[in-house]
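The values are calculated or read from the model by the stated rules, or taken from the named source; none is laboratory data. From a predicted model like this one, the values you see are computed outputs, not experimental measurements. Positions of Cβ are generated from backbone atoms using ideal geometry, with glycine treated the same way; all protein chains shown enter the neighbour counts.
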């Protein structure tokens, strides 16, 4: 009787082992697929949120909320160039699956935009802080 019990236990252990092995393979396969094809579509949506902020800055410039009102045309041109650069970043990286590259490009872009705000806008610190806070919240909502 003891031999039969041991044989039955060995068979049960082998069946459980086979089931666990199959489950582990399925989970690792799914993780590999997600790792090689991450969903980074939220970066494109984040670019749209940044573009909305650029439009807000254009409105502020048109309302003469800049340090040098004589340079209104230059500021509007610079903001248009920022918008074009953002579209370029978005277009060139749409099919890119490298999260680090997206973040590097967007961080560099946002740094330049922040420098522009600090150099040209009245109440630059408040505008910059508000924009950073809004974009941070937008990014967190998109990436979660």
| task | Specify which of the listed residues (105, 84) is modelled with pLDDT of 90 or more, loosely packed, with under 12 Cβ neighbours inside 10 Å and under 18 Å from residue 48 (Cβ atoms). | result | 84
| request: Tell me which residues, restricted to segment 38-53, are assigned to a helix (DSSP H, G or I), over 10 Å from the mean Cα position of the chain (by Cα) and either at pLDDT below 85 or surrounded by fewer than 18 Cβ atoms within 10 Å (Cβ to Cβ) (or both). | output: 48, 49, 51, 52
| Taking the condition surrounded by 12 or more Cβ atoms within 10 Å (Cβ to Cβ), part of a helix (DSSP H, G or I) and free of Cβ contacts under 8 Å to residues at least 24 places away in the same chain, does residue 70 pass? | no
| message | Taking the conditions exactly as written (loosely packed, with under 14 Cβ neighbours inside 10 Å, assigned to a helix (DSSP H, G or I) and more than 13 Å from the chain's Cα centre (by Cα)), does residue 100 satisfy them or not? | response | no
